[in-house]
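In what follows, a structure is listed as structure tokens, so that the remarks can point back to it.
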Amino acid sequence: MRRKWTAAGQRAWHGLAALVLAGGGCGSVVAACPAPAIALEPLAPGVWRVPGAAGGGDSDTTNGGAVSNLLAVREGRRLWLIGSGPSARYAQALACRLRQVAGQAVTDVVAPWPRPELVLGQTGWAGARRWAHADVAQAMAERCPRCIERLRQRLGPAATDLGPDSIALPTHRLHGDHGVLGPLRWWRLQRSADTAVTVWSLPRARLLTAHGLLWADGAPDLRDAESEHLQQSWARMQALATEGDRWVPEQGPLQGHAAPLQHRAYLQALHTAVVQAQERGGLESEPAPVLDGVAAAFHRGGRHALNWQHVWREAEKGW
């Protein structure tokens, strides 16, 4: 005998289905996603941060290269993802998790700058439109064959899906210094003379991304960057943000609107300390000092020591 649905029964069923889509009502459904397990942090209605590995640092066997923050934005029938993850395997796990939480598949993936941890996952987003600024796409084409090998060495046994066919270049390219794409606004900035990055803004949530420019888990990563271009980019970013805006950094939790100003102050203080050390005959191998007037967070981890050496060499060249 077929059971007749009551109004209360229908409401209960729809409620259960909503929980399943949100990833919180049925453990077996959540467990069906492939490894690695991925947590999503809701930031606003239809907006989620995909946190990079806790503790920051470089890619290794434990974190599988998932060290950078990603941002997912649902807008109508489209689901945007800024950053794609470090590999196709990771992208497939994230795709499953986003379907559970957002209730739809990712339609558009953005490469914000040519960092392997942020762009090599593009091979795992079948059917999605792949976006990047033309300068970022060109850098990916030139550098990704080399960066795959470096990432493979860092990941060791975890680099099972990083082969010669692991590069999927953007199919849609942006041009110019700024523009609008779907619900997002973007600006082209520089990390160095030959490395462009894109900053993205979601006005309705008062969120901005800063891949390759801001870090919240310690000092900024200055490797392969140039201080002059970073200072200019941070000044431009500070003009873009107002009180109440939040930045999604490369690594670590969200930051307040003044984060670019704090990064500028750190780098200027570091440069001053380097010049003073050089004038008194100091050595590059000296321990990186604690900088006056700079927050303790910038001295955590190993990046501050590497930055000391980086700025030392820049100062010797006359920056």
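Observations
- Single match in 232, 251, 255 (criterion: buried (at least 22 other Cβ atoms within 10 Å of the Cβ), touching a residue at least 40 places away in the same chain (Cβ under 8 Å) and under 23 Å from residue 111 (Cα atoms)): 251
- Matching entry among 305, 297 (being assigned to a helix (DSSP H, G or I), surrounded by fewer than 17 Cβ atoms within 10 Å (Cβ to Cβ), in contact (Cβ under 8 Å) with a residue 40 or more places away in the chain and within 29 Å of the chain's Cα centre (by Cα)): 297
- Condition check for residue 312 on (1) touching a residue at least 24 places away in the same chain (Cβ under 8 Å); (2) under 26 Å from residue 73 (Cα atoms): one failure, at (2).
- Each residue in the range 261-287 was checked for being open to solvent by less than 30 Å² (accessible area, probe 1.4 Å), under 21 Å from residue 216 (Cα atoms) and either at pLDDT below 95 or among the aliphatic types (A, V, I, L, M) (or both), and 3 pass.
- Note on the range 27-136: enclosed helices (runs of 4 or more DSSP H) holding 3 or more residues that are open to solvent by less than 20 Å² (accessible area, probe 1.4 Å) are 88-102, 116-119.
The values are calculated or read from the model by the stated rules, or taken from the named source; none is laboratory data. Because the structure is a prediction, the values reported are computed rather than measured. With ideal geometry, Cβ positions are generated from the backbone for all residues, glycine too; neighbour counts draw on all protein chains shown. Protein only, heavy atoms only, side chains kept; ligands, DNA and RNA dropped before computing areas. Shrake-Rupley method; radii C 1.70, N 1.55, O 1.52, S 1.80 Å.
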